[in-house]
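Below you'll find the structure, written out as structure tokens, and then a few comments.
The values are calculated or read from the model by the stated rules, or taken from the named source; none is laboratory data. Every value quoted in this text rests on a predicted model; they were computed, and no experiment measured them. Cβ: placed from backbone, ideal geometry, glycine included. Neighbour counts: every protein chain shown.
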Amino acid sequence: MEELKRLEELQKSIEVKIKEMEASDTSKSWTEHEAYMSKVWGERASVNRMIRLIQPYKLSDITEHHGDLMTLKEFKKACNEGWFIDYDGSGTYVKDGQISDISIYPSDVHAGMVRKDFDSVIWFNR
């Protein structure tokens, strides 16, 4: 299970980034601090994307939902055309009419880090 080992490594990396963020030097100027935090948050976002790409998932029946169900192709097109941004909300992967426990964000699409083992997305606006 190489993927599970990689998943554990990535999760540890997230924990390190959080600790780095919490221990950041507050004596830095605002510009220095902002640049440092942007780098840490960017690295953390990349690791989170990698985790979402390989983590195991659970499927459950779609009961009542307050989102928009669309094919993965439609979701990717909407993101690429600027209809959805991370600030707007998030989606959840769907496979064979069942909802997963894995989120997807427009920035995942822009980064080219989209799972191929799902066929649809339910989008939830904020």
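Screening the range 27-64 for residues that are modelled with pLDDT under 80 and among the basic types (Lys, Arg) and picking the one that is farthest from Asp101 (Cα to Cα) gives Lys28. Wholly within the range 24-126, which strands (runs of 3 or more DSSP E) include no fewer than the required count, namely at least 2 residues that are surrounded by 13 or more Cβ atoms within 10 Å (Cβ to Cβ)? Hits in the range 24-126: 68-71, 89-95, 98-104, 120-125. Is there a residue being out of contact with any strand residue (DSSP E or B) (no Cβ under 6 Å at 6 or more places or on another chain), at pLDDT below 95 and not assigned by TED's automatic domain parsing to the domain that holds Arg6 anywhere in the range 89-100? Yes, that holds for at least one residue.
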